[in-house]
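Colleague: Structure in structure tokens, see below.
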Amino acid sequence: AGIGSILIAVMDAEEFNGISIAMSSDESGYGKSTVQKASLAAFGRVERNVNVLTGDDVSVGAAELQCSTFNNVPHLFDEMTHKSGQDVSHLLYMQANGIGRQRLRRDGGARQANAAWRGFAFVNGNKNFFLKLSDAQVNPEAAQMRMFEFPLENYPKLESLKNSANLFELTNSLRSGYGGVAVKVIRFVMQN
């Protein structure tokens, strides 16, 4: 999905601006953040408050700015467990529409909008997003059409992530090799 995100711009599908790729589980330890950060590492450094917004940092304005800034390069909304169904629904709609809401200035004129985007956002949390939307009585079917959700309870936990030495080694290898894959993919796409 991370590599696919950069290809959205070259697709001949003007109505498709991207979709949220969500991973959820009732408990921690499935490697949701780790896998999503590994995908981001293909494009460059993975940093909190840059291409990763976490928990309370994921406000509507911050999410819109992040989508606009990264355009078709994927980014991550991490640990969305405590976000309300209403907030999650708004985030999903905004991501899929490819543009933020129109806002007004104090004088009543239109505020300059952030640039539009076309790409994937990764999302994760310790509560099923479809259930979160249903509990909040937000239209869950419409919101579900704006995300691919992978509930991970049906999958085994990654045993390698239980060993802190393995996790430390994996994290260090991501940090030392970031950005290498995407350069090759982008060059291949542009040449072909």
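The values are calculated or read from the model by the stated rules, or taken from the named source; none is laboratory data. Note that the structure is predicted; figures quoted are calculated from it, not measured. Reconstructed Cβ throughout: ideal geometry from the backbone, glycine too, with neighbour counts over all protein chains shown. When the accessible area is computed, the model is the full protein with side chains, heavy atoms only, and any ligands, DNA or RNA have been set aside. Shrake-Rupley method; radii C 1.70, N 1.55, O 1.52, S 1.80 Å.
Colleague: What FRET efficiency, computed as 1/(1 + (r/R0)^6) with R0 = 25 Å and r the Cβ-Cβ distance, is obtained for Ala113 and Leu7, rounded to the nearest 0.05?
Modeller: E between Ala113 and Leu7, to the nearest 0.05, is 0.50.
Colleague: Let me ask you something else. With all protein chains present, how much of the accessible area of the chain (probe radius 1.4 Å) comes from carbon and sulfur, to the nearest whole percent?
Modeller: 53
Colleague: Also, I was wondering about something else. For Cα pairs less than 8 Å apart in space and 6+ apart in sequence, what is the mean separation divided by the residue count of the chain, i.e. the relative contact order in percent? Display every interim value, and only then the final one.
Modeller: Working: 310 pairs, mean separation 67.8, N = 192.
Relative contact order here is 35 percent.
Colleague: If I ignore ligands, DNA and RNA and count only protein heavy atoms, how much of Phe148 is accessible to a 1.4 Å probe, in Å² to the nearest 10?
Modeller: 120
Colleague: Note the listed values (i) 16.5; (ii) 11.9; (iii) 12.5, then indicate which one is mean projected area of the Cα convex hull in nm² calculated from this particular structure.
Modeller: (iii)
Colleague: Let me ask something else. Just subtract the alpha-carbon distance of Asn49 and Glu169 from 0.36 nm times their residue separation and send over the number in nm, one decimal.
Modeller: Value of the extension gain: 40.9 nm.
Colleague: Among Lys83/Lys157; Lys132/Lys184; Lys37/Lys83; Lys32/Lys132, which pairs are too far apart, with a Cα-Cα distance over 27 Å?
Modeller: Lys132/Lys184
Colleague: Now, a different point. Scan the chain and report its longest stretch carrying no GluC sites (Glu not before Pro) that are both in a DSSP loop and have at most 13 other Cβ atoms within 10 Å.
Modeller: 48-192
Colleague: Just going by the charge dipole of the stretch 1-77, with Lys and Arg at +1 and Asp and Glu at -1 on Cβ, which of Thr54, Ala13, Leu65 is farthest out on the positive end?
Modeller: Most positive-ward Cα: Thr54.
Colleague: Counting heavy atoms of the protein chains only and a 1.4 Å probe, report the per residue accessible area for the chain as a whole number of Å². Working shown, then result.
Modeller: Numbers: 11040 Å² over 192 residues.
Per-residue value: 57 Å².
Colleague: Helix hunt in the chain: which complete DSSP H runs extend at least 24 Å axially by C-alpha with mean Kyte-Doolittle at least 0.5?
Modeller: For the chain, where a helix must reach 24 Å along its axis and average at least 0.5, there are no hits.
Colleague: Compute the distance in nm between two label points, each set 7 Å from the Cα along the Cα-to-Cβ direction, one at Ser176 and one at Lys157.
Modeller: 2.8
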